[in-house]
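S.K.: Mind looking over this structure? Questions follow.
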């Protein structure tokens, strides 16, 4: 038997990766805890945002006003020492207000580029469904390609890059539904709900103690990572091992949405890809270098909830996509080995 075939040598080869994964997992948990100390009562939301960040994806957040969506992005940006921009979407917002444009500089007597707010690390697209489709579509290229084309010139955005878009689920007047092509660009959709009673009491106390105004102070938030560290984690997540049986499980879940009772339009292939990407990120957060079926099941709901369209009959019965997908996940058998 050669040295390469010796199981002890193979185990030794794996140890540096496992140790690195464990160290990164501890740093990620510290970052999550720091955000949770300020963004009170939304541990699941923070967990899912971290999954999307490490999976190099974008997030669609649905929740009523006042639940701290802007605060979450600001916390994340400061924690990774990244750039942060916010766009308030309105019906009169133009695509060039988002991406930027070429303008003539009279003093220099030449054309120059005015970069839009998309040139950042973390972009908050607030109330994205307030703008018409042509303005929403200005984000399609930058979300998919991480670049903006102005006058035929491709200009990359800084890495890491994540768009967090928000929409209000209870106010529909003056809004424009996001087209399927736009929704599919978001790796997950997060639903933010109200905190429980104890957490809301903590929140009120934190905001009203020795503080002017109603904004949380993030001055004490420490920098946990650099942008380069996040890019490294994203690359490391892409190397997390996925067994073929686990990959097939993700694909089977996605395919079941296409013929499941009550779903008129199911998820496309990008849904299965997103499940695997998020499962890899979640595995890395847990300190593992391999994906389990439970990882797939953990991320499937936020990945798929915005990729399916319910039948009119199900909507009339008051069903939502979460309940339908949850029932689907219970019926799809997970691999046992």
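S.K.: What is the range 30-92's relative contact order, in percent, from Cα pairs under 8 angstrom and six or more apart in sequence?
M.R.: Relative contact order, the range 30-92: 29 percent.
S.K.: In deg cm²/dmol and to the nearest 500, what is the mean residue ellipticity at 222 nm of the chain if only DSSP H runs of at least 4 residues count, each as -39500 (n - 2.57), divided by the residue total?
M.R.: -14000 deg cm²/dmol
S.K.: Give me 61, 221 sorted ascending by neighbouring Cβ count inside 10 Å, so fewest comes first.
M.R.: In increasing order of surrounding Cβ atoms, one gets 221, 61.
S.K.: Counting only C-alpha contacts under 8 Å and six or more residues apart, can you give the relative contact order of the range 57-198 as a whole percent?
M.R.: This gives 37 percent for the range 57-198.
S.K.: Still on this model: Which value, in Å to one decimal place, does the Kirkwood hydrodynamic radius take for the range 197-315 when every pair of different Cα atoms is included?
M.R.: Result for the range 197-315 stands at 17.4 Å.
S.K.: Could you list log10 I(q)/I(0) for the range 255-337 at q = 0.13, 0.15, 0.17 Å⁻¹, which the Debye formula gives when each Cα is one point scatterer?
M.R.: Computed log10 I(q)/I(0) values: -0.42, -0.55, -0.68.
S.K.: Which whole-number percentage describes the relative contact order of the chain, with Cα contacts under 8 Å and a sequence gap of 6 or more?
M.R.: 22 percent
S.K.: Convert 37 °C to kelvin, take the viscosity as 0.692 mPa s, use the Kirkwood radius over C-alpha pairs of the chain as Rh, and evaluate the Stokes-Einstein diffusion coefficient in µm²/s, rounded to a whole number.
M.R.: The diffusion coefficient I find is 152 µm²/s.
S.K.: Please arrange 164, 94, 314 by how many other C-beta atoms lie within 10 Å of their C-beta, fewest to most.
M.R.: Result, fewest neighbours first: 94, 314, 164.
S.K.: If you don't mind, another one. What per residue convex hull volume, in Å³, comes out for the range 37-92 when only alpha-carbon positions are used?
M.R.: 109 Å³
S.K.: What length, rounded to one decimal in nm, is gained on full extension from residue 286 through to residue 140, with 0.36 nm per residue of separation minus their alpha-carbon distance?
M.R.: 49.4 nm
S.K.: Still on this model: Arrange the peptides 151-157, 37-43 so that the one whose residues have, on average, the most other Cβ atoms within 10 Å appears first.
M.R.: Listed from highest to lowest mean packing, they are 37-43, 151-157.
S.K.: Can you give me the Kirkwood hydrodynamic radius for the range 57-198, using every pair of distinct Cα atoms, in Å to one decimal?
M.R.: 16.0 Å
S.K.: What nm distance separates the two modelled labels at residue 205 and residue 25, each placed 7 Å from Cα along Cα→Cβ?
M.R.: 3.3 nm
Every number here is computed from the coordinates shown, using simple stated rules; none is lab data. The model shown is predicted, which means the values in this text are computed figures rather than measured ones. Cβ atoms come from the backbone with ideal geometry, glycine included; neighbour counts cover every protein chain shown.
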